[in-house]
Structure formats: structure tokens, C-alpha cells
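S.K.: What follows is a structure written as C-alpha cells; I'll ask about it next.
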Amino acid sequence: MSAPSSGTRTFHMIEAVAERLEGAPRQLRRRWSDEFKSQVVAEALEPGASVSAIAHRIGIRPSQLFAWRRDALDHAASQRSAGEVASARPAAPVIEVVIGDIVVRAGADVDEAHLQRVIRAVRSA
């Protein structure tokens, strides 16, 4: 047991009140315009484009850009099925392998041994 204290103890009550900092956004979620999303998705659909690099450059997570791209392609597919002209081009079957900041894209018909050699080369670089 500890020895009894001979002095009196004082306690101070501290109240913390959260306030919005000046200049802080009023919303927790950012809102991106449809025009901005279209421009970024078009860039991500270019052959050889790195979705991860584009996302990093504009300050979002790659998964967000992949979702925007998927939504745009789904929308384009639904427009094509309805007979309307689609603005986004259809994506050929592609295998994407993310290794750190590098994205390796290959057609679905690529030789497995060749793809393995490419992945080993990227990892060793």
C-alpha cells in the first residue's frame, strides 16, 4: 500500500470544445465535378497510363479512380446497349498487376511465362 498523503489534492476541470478551424472545409467529403472526373477518367483510359500515378498526382486513392473508371465504362456500355453513342471507348480485357508504384498491364491473351519474366524484372529494378 502507498503511504497516505498529508497534503490536500486539487483538481482542475478542463473542457474541450471542438470548433471548425478557419478555412477548413465545411464538408467532410470532397465533391468532384462530373467534368473533372471525365477528364481524369479519359487520361486513365489512355494506353500505358498509370492509374496509381494519376491518382497520386491529383490527391486521391487509386481505388477511387478505378471506381470512377469502372462507372464510366459501365455507363458507356449501358449507352451502347441502348443504341446511343458512347463517349468512352470499351476496354479490352486487361490484366493489371500493381507492384509498389508500378502498374504492369498486359492483354488477357499474354503468355504466362512472359508475364512472369516481366514481373520478376520489375521487382528486381
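S.K.: Can you tell me which residues in the range 68-125 are closer than 21 Å to residue 43 by Cβ, modelled with pLDDT under 80 and in a helix (DSSP H, G or I)?
M.R.: Result: 79, single match.
S.K.: Taking only pairs six or more apart or across chains, which ones have beta-carbon atoms under 6 Å, a first residue in the range 53-81 that is more than 17 Å from residue 35 (Cα to Cα) and not assigned by TED's automatic domain parsing to the domain that holds residue 103, and a second residue that is modelled with pLDDT of 85 or more and assigned to a helix (DSSP H, G or I)?
M.R.: So the pair list comes out as 62/51; 62/52; 62/55.
S.K.: Within the range 1-47, how many residues turn out to be surrounded by 10 or more Cβ atoms within 10 Å (Cβ to Cβ), assigned to a loop (DSSP other than H, G, I, E, B) and modelled with pLDDT of 85 or more?
M.R.: 1
S.K.: A further question follows. If you take the residues in the range 90-118 that are of a type outside the set (D, E, K, R) and over 20 Å from residue 66 (Cβ atoms), which one is surrounded by the fewest Cβ atoms within 10 Å (Cβ to Cβ)? Don't jump to the end; show me each part of the working.
M.R.: Initially, the range 90-118 is screened for residues of a type outside the set (D, E, K, R), giving 90-95, 97-100, 102-104, 106-108, 110, 113-116, 118.
Imposing the further condition that a residue be over 20 Å from residue 66 (Cβ atoms) reduces the set to 110, 113-116, 118.
Details: 110: 13, 113: 8, 114: 10, 115: 15, 116: 10, 118: 14.
So, considering only residues that are of a type outside the set (D, E, K, R) and over 20 Å from residue 66 (Cβ atoms), the one surrounded by the fewest Cβ atoms within 10 Å (Cβ to Cβ) is 113.
The values are calculated or read from the model by the stated rules, or taken from the named source; none is laboratory data. Computed from a predicted model, the values in this text were never measured in an experiment. Note: ideal-geometry Cβ built from the backbone for every residue, glycine included; neighbour counts use all protein chains shown.
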